[in-house]
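Structure record follows, encoded as structure tokens.
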2 protein chains.
Amino acid sequence: MKNYADLWIGYNKRQQGGDCNRLKKIYINGSSGSDRITENAVHELKNGLKSMLDIDPEMVYGQIGAPIAATCGKEILDSEEYCISLLDDGVSIDAKSGSGVLYAVFDILRNVSCERDINEVYASGKTVRPSNPLRMLNHWDNMDGSIERGYSGESFFYIDNEIVIDDRTKDYARLIASIGINAVVINNVNVKQAASYMITDRYFDKLAELGEIFAGYGIKLFLSLNYASTIEIGGLDSADPLDEKVIAWWKDKMAEVFKKIPTLGGFLVKADSEGRPGPFTYGRTQADGANMLADIVKDYGGIIIWRCFVYNCKQDWRDRKTDRARAGYDNFMPMDGDYHDNVILQIKNGPMDFQIREPVSPLLGGLKKTNQMLEVQIAQEYTGHQIDVCFLIPEFKEILGFKTYCSEKDDTVGDIINGKTLGSRYSGIAAVTNTGNDFNWTGNYLAGANLFGFGRLSFDTELSSEQIAEEFVRMTISQDIDVVKTIVGILLPSREIYERYTSPLGIGWMVQPATHYGCSVDGYEYDRWGTYHRADHLGIGVDRTDKGTGYALLYNEPNASIYNSPEKCPDELVLFFHHLPYTHKLHSGKTVIQHIYDTHFEGYEEAKGLAAKWDTLKGKVDDEIFENVRERFDRQLVNAREWCDQVNSYFFRKSGIPDEKGREIY
Amino acid sequence: MKNYADLWIGYNKRQQGGDCNRLKKIYINGSSGSDRITENAVHELKNGLKSMLDIDPEMVYGQIGAPIAATCGKEILDSEEYCISLLDDGVSIDAKSGSGVLYAVFDILRNVSCERDINEVYASGKTVRPSNPLRMLNHWDNMDGSIERGYSGESFFYIDNEIVIDDRTKDYARLIASIGINAVVINNVNVKQAASYMITDRYFDKLAELGEIFAGYGIKLFLSLNYASTIEIGGLDSADPLDEKVIAWWKDKMAEVFKKIPTLGGFLVKADSEGRPGPFTYGRTQADGANMLADIVKDYGGIIIWRCFVYNCKQDWRDRKTDRARAGYDNFMPMDGDYHDNVILQIKNGPMDFQIREPVSPLLGGLKKTNQMLEVQIAQEYTGHQIDVCFLIPEFKEILGFKTYCSEKDDTVGDIINGKTLGSRYSGIAAVTNTGNDFNWTGNYLAGANLFGFGRLSFDTELSSEQIAEEFVRMTISQDIDVVKTIVGILLPSREIYERYTSPLGIGWMVQPATHYGCSVDGYEYDRWGTYHRADHLGIGVDRTDKGTGYALLYNEPNASIYNSPEKCPDELVLFFHHLPYTHKLHSGKTVIQHIYDTHFEGYEEAKGLAAKWDTLKGKVDDEIFENVRERFDRQLVNAREWCDQVNSYFFRKSGIPDEKGREIY
């Protein structure tokens, strides 16, 4: 690497993967080369090929308008679609717009970067349309420069309540465009203080400039919106979505905003959640709130992305009837069909909050007449703070592949969010992102694999975790086959290892309150957040069956029956759905308590194994990368040991049941 | 009250407690009236008598030098001693210095304020010498304005790293002088950032001014010292107390400091504790560090108060041999006799850290050749944050009355710190104080009783908790006998009630980490602070006997044998010293588990009872005071309920033993 902070757009010297002569002439059909995205794409291509292969390609611009893909003969209809094919004297890119050209360019650069033979890769042509319409990153950056749940420094968008535009801004646009991201929300969903003034003159100029930079890479700028803007900056005494004064204020405001920030894609809204204001305050539904805003921004081509993370965060831990897991479903399902066309409901992957293991939200597959986006988190809030290695792509694959039984027998979450199942025009996937102003963007260098992987997966849901991991390593660290194997071997099992040394069997939440790093078995047990394990002397788990909170029945069949039964429920989720005695036998043949002991002892040992693997790379990878990750592993092992010993001690002290294998418990 | 923030120096209108004519003429013997303290005292007296009784006394200054007390005929020798006697045409104050006059004046004002008949009170004369040489308040104020463990606003000494001197400064001096305080440390023992520069030109002028104001009320100014000043502000590379360069630097520095702040009394030092630097870093003893500084400040009449709060704050919770309770003793006892004459060891009342119930530190009574000060805390760090009512004077009385068996059979902690047992010249009592810039100084108005009470008790150890509580109410709230009875009835049992609904049987530490407010039974159980309850399915408590950590044996006999035996150990401390089964029978006849259930249910009910008592005062006390305390009670009851239910649920879930009385446990 020239610079280890360049990640996968570093373009350092590569070996030729076969004959590269064709790359000396690149035909672009469908673009004159004069639009800004194509200009940026061609600049990227020339720069990349020069650096990697010392090739300075001749560019030939051909047919304008929707081209016919040279190889497959199909017309290219989608603006983000592209086709790459081989000509006798060069490589042809067919696309309908600059975005298509851009993604084609990054396709070529990626294959060159991975030292693949382009003559093989593109032998029979390659036509690509992104899997999901919206592929989005959500920044939880505050305007004071802090990042909520940020583990890689401060914000690079804000310093002291001012918007910063510098070299890094464009680098960031390149970085995320290269993996297929086409939308970014640049401020925290918890819109506080200065951020409420994003939609005022105070920030319009900078936002317009930022929007233009992003637009040059096919990325739409979105803002998180303060639902109570009418009160906080508008001087009104209400934020009631049916109040004429409120509607009038928003009409004027949105006219102003879209005029001042012409590239704006729309807004993300967290309302009625964790202390944020919302329509519930006025006895209105979530649909009332979302539709009011959506109708107004529609004239400007804007969309409203409305988060479903609405629950009672002041629950009484004594109350076993209220179930936070039900909240999203109970709050949003009744209005299915009422949300207007340019509203998207953004649904967290699970019903709780980004735990290491949760069932898929029953809204995904429950909602049948509503635009939906899946929200995942690559910021490792509950999964190791970018200290512990936790490659999340296998989890995202599981989620996307989950069968919802929504319409056809095999309809998956992936089918819903890509628009197939419901015929949605607006849908997609968003990740709460993991970047900051750390030199290498993500703190732990290996956390970069989650950013890379999220982008790649959102663009092409069919990619495997292994393919993604391998590409990440090849593009950022090394082409050496042993190095690649070693690092892929660290990444792939890391999520299950993290799960093993932390919270067992889908129960979640045994974390330090506030920070969410490190073990505290009872940390949330007697608190107001609706996050309980209900462990006593005899057993553990939350009864979410028909005899308990009924949550299991919110799923389509056969999921409902599977989850409702302790015998059928998959082991990894069994304590999420059932309160079971420690002596209950799992499918694995182990008792619950022995499973707890075994997975914790083994998980800690496995974490040590990951660190030992990394140690073998000393001298084989860039020293800065080696030391960066090595230092994190030291901390991960301290963390893993605490989890292991605390969880085992807690349950041994509580159950009084000894470990069958007689290992040391405190 | 004219102003409810005036506390006990408000001097509003009082009924005459008998014939007040004698107060029209006040003789002062021993002072010409021209020293600043006497001037301030006389001003206070005139102002107070005018406001309370509309009397404008004539002042007559008599015999200068050490007078003979008119009534008892004894010569007054101590500068803080005074005698008040009745003459035919007036009242006589005999004192050797302005301080004596000052305390006499406040004695008279207090009796008038309580509407006592001065003809009775002083009928046979009253000669008073304060119980303790040093009666000190320790402010944990940081120079940025925050207060560590402060629950009544920000600092009134600092704003934005500057020292503030305003009306409140003098009011504060009056307020604490009136209760007998004669020394104040104005900055946090954790000396950080700007506070390290207290001993430089940056702050000398203001400190000199502040010192003068305090001196006018008989109060010595002390500073907390950064032990690593040689490094942090001196530019040296060491703080080794035996290093000649270090010693030379301190000599120059102290010459400068005492020249610039002539009223300075000396320094308080927290070294080698919780991350603070100290002599251990250089392989030296605590005595080496303290003596080095003491030798240098001796020339200026200065003293070094050295805190004994030294322990390993990075303990492994798995380790059952290391015992934080032992740390103070183990670190300081070996050098008993080595500490120089102007060193005082400041010892927290218990071996841990201001829990609601701890045994008395074994250093008190262990050290036999060392000056000692007792450190208590009126800031309610672990005792309700000045939200929950917790009148601490009964606790302080227990501590002062604790028999150490140090020399004679009945030598108490009080005897050690007043200098009697060891013949100490420097000794006394310090409280970590509870004031801030809240309008009423202490947040909860009733927390003012702890400030008042600490001062009164440090001045006169013989006062009862009831006397102190009654004086506080009469001087600040009301003379109405029912009101007085009601509030005294709230204050007196409040500490035991707090104990009952929080942590049982001396175990402590079941608090929310970091904040120390609210229940978290396992909050410190798996952490590094050496603060564990070791509860498992069968029992609870820490074995500190000869079979455990041996801590119990650090006491003089018969205390050691009593604490070492689960049968002899007092119930309220039994889990501090012993790990016992839940089924162990206490002296009360109850099992440990039933004691836990009973005290928690009862403690919460009793807290409700306190609130109900307060509610009867509506309309009978100042509205502002009523609402201030009422609002705190609301919060106290939420807190008490959480403690009750969480502790009971925790132990029921862990032990599986039901409550005999079948009350609801979750």
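Read-outs: derived from the displayed coordinates by stated rules, not from any lab. Given the structure is predicted, the values throughout are model-derived calculations rather than measurements. All Cβ positions, even for glycine, are placed from backbone atoms using ideal geometry, and neighbour counts span all protein chains on display.
Across peptide B:641-649, the average count of Cβ atoms from other chains found within 10 Å of a residue's Cβ is 2. When the helices of chain A are scored as -39500 (n - 2.57) per DSSP H run of n ≥ 4 and the total is divided over every residue, the value at 222 nm lands at -11000 deg cm²/dmol. Scalar couplings 3J(HN,Hα) for region A:479-492, obtained by applying the Karplus form with A = 6.51, B = -1.76, C = 1.60 to θ = phi - 60°, are 9, 4, 4, 5, 4, 4, 4, 4, 6, 4, x, 7, 5, 4 Hz; x denotes Gly and Pro. Sparse packing (at most 11 other Cβ atoms within 10 Å of the Cβ) combined with a DSSP loop state is found for the following trypsin sites (Lys or Arg not before Pro) in region A:584-633: A:K618.
How would you order A:337-344, B:113-120 from highest to lowest mean count of nearby Cβ atoms within 10 Å?
Values: A:337-344: 19.6, B:113-120: 16.8.
The most tightly packed comes first, giving A:337-344, B:113-120.
Cβ-to-Cβ counts within 10 Å put A:L554, A:L87 in ascending order as A:L87, A:L554, the fewest first. Region A:529-574 and region A:181-202 have Cα centres lying 38 Å from one another. In chain A, what percentage of the DSSP-assigned beta bridges are antiparallel, given to the nearest 5? Restricted to chain A, the bridges split so that about 30 percent are antiparallel.
Mean partner shielding of peptide A:521-527, defined as the number of other chain Cβ atoms within 10 Å of each residue Cβ, is 6. Applied to region B:381-390, the Karplus parametrisation 6.51 cos²θ - 1.76 cosθ + 1.60 on θ = phi - 60° returns per-residue 3J(HN,Hα) values of 4, 10, 10, x, 6, 6, 9, 6, 6, 8 Hz, with x for Gly and Pro. Across the cross-link table entries A:K251/A:K314; A:K298/A:K368; B:K46/B:K126; A:K25/A:K96, which are compared at the Cα atoms, the separations over 27 Å belong to A:K251/A:K314.
Per residue, the Cα convex hull of chain B amounts to 148 Å³.
Length, then width, then depth: along the principal axes, the Cα atoms of region A:204-327 run 53, 34, 21 Å. Of the trypsin sites (Lys or Arg not before Pro) found in region B:413-472, those that fall in a DSSP loop while having at most 14 other beta-carbon atoms within 10 Å are B:R425. Shown for A:L457, B:L242, B:L492: other C-beta atoms within 10 Å of each C-beta, ranked fewest to most, produce the order B:L242, B:L492, A:L457. What does the net charge come to around B:F156 if you take all other residues with beta carbon closer than 12 Å to its beta carbon, with K and R at +1 and D and E at -1? Within the 12 Å Cβ shell, the charges total -4. Under 15 Å from the Cβ of A:N342, count the other residues' Cβ atoms, weight Lys and Arg +1, Asp and Glu -1, and hand me the total. So the surrounding residues net to 0.
Among the residues of A:532-538, the average count of other protein chain beta-carbon atoms within 10 Å of the residue beta-carbon is 3.
Counting only DSSP beta bridges with both residues in region A:134-461, what percent are antiparallel, rounded to the nearest 5?
10 percent
Summary of the geometry: region B:360-399 and region B:494-519, compared by the centres of their Cα atoms, lie 15 Å apart. Net charge of the neighbourhood of B:L225, taken over other residues with C-beta under 13 Å away and scored Lys/Arg +1, Asp/Glu -1, is +4.
From the alpha carbon centroid of region A:6-49 to that of region A:338-358 is 37 Å.
Among A:R174, B:R129, sorting on how many other beta-carbon atoms sit within 10 Å of each Cβ, with the fewest leading, yields B:R129, A:R174. Counted over region A:134-461 with a bin width of 10 Å, the fraction of Cα pairs per bin, in whole percents, is 6, 27, 36, 25, 6, 0. Projected onto their three principal axes, the Cα atoms of region B:171-216 cover extents of 33, 22, 14 Å, largest first.
Filter the trypsin sites (Lys or Arg not before Pro) in region B:295-334 to those in DSSP coil with at most 11 other Cβ atoms within 10 Å of their Cβ, and list the result. Of the trypsin sites (Lys or Arg not before Pro), the ones in loops of region B:295-334 whose Cβ has at most 11 other Cβ atoms within 10 Å are B:K314, B:K321.
The DSSP beta bridges internal to region B:4-128 are antiparallel in roughly 55% of cases. Between amide H atoms placed 1.01 Å from N, distances below 5 Å from B:L374 occur with B:I347, B:G428, B:I429, B:A430, all of them 5 or more places distant or on a separate chain.
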